[in-house]
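The values are calculated or read from the model by the stated rules, or taken from the named source; none is laboratory data. Computed from a predicted model, the values in this text were never measured in an experiment. So basically every Cβ, Gly included, is an ideal-geometry build from the backbone, and we count neighbours across all protein chains shown. Calculation scope for accessible area: heavy atoms of the full protein, side chains included, ligands and nucleic acids excluded. Shrake-Rupley method; radii C 1.70, N 1.55, O 1.52, S 1.80 Å.
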Amino acid sequence: MKLIIQIPCLNEEKTLESVISGIPKKIKGISKIETLIIDDGSTDKTIEKAKELGVNHILKNPRNLGLARTFSRGMDECLRLGADIIVNTDGDNQYPSPDIDKLVAPIIEGEADIVIGNRGGMDNPHFSYFKKNLQVFGSKAISTLVGLDIPDAVSGFRAISKSAAQELHILTNFSYTIEMLVQAGARKLRVKSIDIKTNEHTRESRLFKSVPYFIKMSVTTLFRVQTMYRPLHVFGLTGACLCIVGSIPIIRFIFDYLMGDGSGHIQSLVLAGALVMLGCLTISMGILADIIAFNRKLSERILKRLAIIEDEIKSLNHKK
């Protein structure tokens with residue numbers, strides 16, 4: 001079984017050695033361990049450092065593409081290189097490389113498709129009080145929406161099986177962590193969480209520009225991805241709320257009319273009718289979007305089967 005550890009990098013010359021040196025040399029159930037650096041337009045000597053450290057594969061973005069697209073390119077490259085398990089970690093050494101063996105164990109044992117490292121929430125000594133609360137309550141909200149129990153939803157330290165990686169298609173430009181969970185929930189993938197510790201803070205987060213920005217982008221990403229993968233749920237719930245709100249004045253009007261007071265309330269009745277019509281239209285949009293999502297799932301299944309056939313062809317050619 002082949003494990004590839006991918007490390008998205010942007011000017012990580014100073015911390016890359018700590019990440020690489022901590023990677024386990026042997027892991028039970030793994031026959032081959034390789035490393036992949038995805039350089040996202042570094043202006044320092046990250047690539048030179050990676051070569052010096054003996055990194056097996058180096059993938060360079062044509063320009064700075066951002067973390068989500070860099071992660072996605074890394075996943076595609078790992079699959080192309082024949083990875084059976086992919087581990088993603090950060091180049092700033094936030095995540096403990098020695099814990100990689102704990103991260104991949106549930107996949108090796110067939111208990112999970114995706115494993116996410118839980119940084120400890122309120123018990124993490126390297127997080128500020130506000131960041132602890134943001135992680136804990138934000139993760140609870142995301143877990144509730146996607147139907148998974150993940151205490152650290154935005155942790156980037158995660159292991160993905162080959163089968164799961166073939167089903168995941170990251171489209172967002174902001175946070176792959178949230179989109180992956182939405183897709184995993186929609187596809188009924190087995191997602192497990194394990195407790196990890198974190199290393200001391202080495203630099204400011206490049207994704208966490210400010211609290212309002214992070215919250216805005218996270219909510220936007222979650223809504224967009226939920227709409228893409230669970231359109232009937234999103235549009236159906238929105239439409240049902242509109243219909244319920246619109247029905248209240250209508251019911252009141254009917255009650256007053258039966259009681260002999262049918263005059264007045266015309267403006268409320270018109271508004272109520274508009275809300276009910278808008279609600280029905282929204283539900284109809286959800287049904288159409290769900291049909292489109294179903295067609296997309298068929299396309300994704302075809303792509304996965306093509307990937308399986310490609311792997312079989314590679315295996316046959318290797319035997320020859």
Within the stretch 245-262, is there a residue that is closer than 30 Å to Q135 by Cβ and surrounded by 14 or more Cβ atoms within 10 Å (Cβ to Cβ)? no
Every pair of residues 6+ apart whose Cβ atoms lie under 8 Å, when the first sits in the stretch 260-288 and is more than 30 Å from Y229 (Cβ to Cβ) while the second is at pLDDT below 85 and open to solvent by 70 Å² or more (accessible area, probe 1.4 Å): H265/R252; S268/R252
Can you find, within the stretch 107-124, the residue that is least open to solvent (accessible area, probe 1.4 Å) among those that are among the β-branched types (V, I, T) and assigned to a helix (DSSP H, G or I)? I107
Only one of these conditions is not met by Y176: (1) modelled with pLDDT under 85; (2) within 18 Å of R119 (Cα to Cα). Which number is it? (1)
Restricting the search to the stretch 97-129, which residues are in contact with a Ser or Thr (Cβ under 9 Å, 6 or more places away or on another chain) and at pLDDT below 90? R119, G120, G121, N124, P125, H126, F127
All positions within the stretch 58-92 that are under 13 Å from I20 (Cα atoms) and open to solvent by 30 Å² or more (accessible area, probe 1.4 Å): D90
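Matching residues to (1) within 19 Å of A165 (Cβ to Cβ); (2) of a type outside the set (D, E, K, R):
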site: S18; (1), (2): no, yes
site: I38; (1), (2): yes, yes
site: T43; (1), (2): no, yes
site: E48; (1), (2): no, no
site: V55; (1), (2): no, yes
site: F71; (1), (2): yes, yes
site: E77; (1), (2): yes, no
site: D92; (1), (2): no, no
site: S97; (1), (2): no, yes
Just checking, which of I196, I160 is crowded, with 19+ Cβ neighbours inside 10 Å and under 14 Å from the mean Cα position of the chain (by Cα)? I160
